[in-house]
1. Considering only region 13-38, state which residues are crowded, with 17+ Cβ neighbours inside 10 Å and in contact with a strand residue (DSSP E or B) (Cβ under 7 Å, 6 or more places away or on another chain).
2. Among the residues of region 39-50, which ones are surrounded by fewer than 18 Cβ atoms within 10 Å (Cβ to Cβ) and of a type outside the set (Ser, Thr, Tyr)?
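No value in this document is a laboratory result; all are computed from the given coordinates. From a predicted model like this one, the values you see are computed outputs, not experimental measurements. Don't worry about glycine lacking a Cβ; one is built from the backbone with ideal geometry, like all the others, and counts go over all protein chains shown.
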Amino acid sequence: MTTPLVATDPEFLVVAVELGLVLAGVVALLGTYRAVAGPTTADRVVALDTIATDIVAVAVLFALRESVRADGGVKNGHFFVDIALVLAVISFVSTIAVAHYLTGGDVME
């Protein structure tokens, strides 16, 4: 008889992280389609922001995957969290700059 997976099980966390990586990949592909298809520049900006958010999510999921092993041990995955924070800040600043440019203003006033 097998025991059911609970939220604190390392196996459950590994499965949840893998599922999250797959879902983030699907959303990134859909965002790529929207960035290519358009039809407006604002649609493309939102799609690129979505892709950047997915990349941040993937970095955090990699950190979780590196931190939790199936045997219950813990490894060092904090490097991916640092990368995710930097990517999130760069994405935010670039989205604000493009939105300011699209509304008719100069980026560096």
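1. Within region 13-38, LEU13 is the sole residue that qualifies.
2. Across region 39-50, the qualifying residues are PRO39, ALA42, ASP43, ARG44, VAL45, VAL46.
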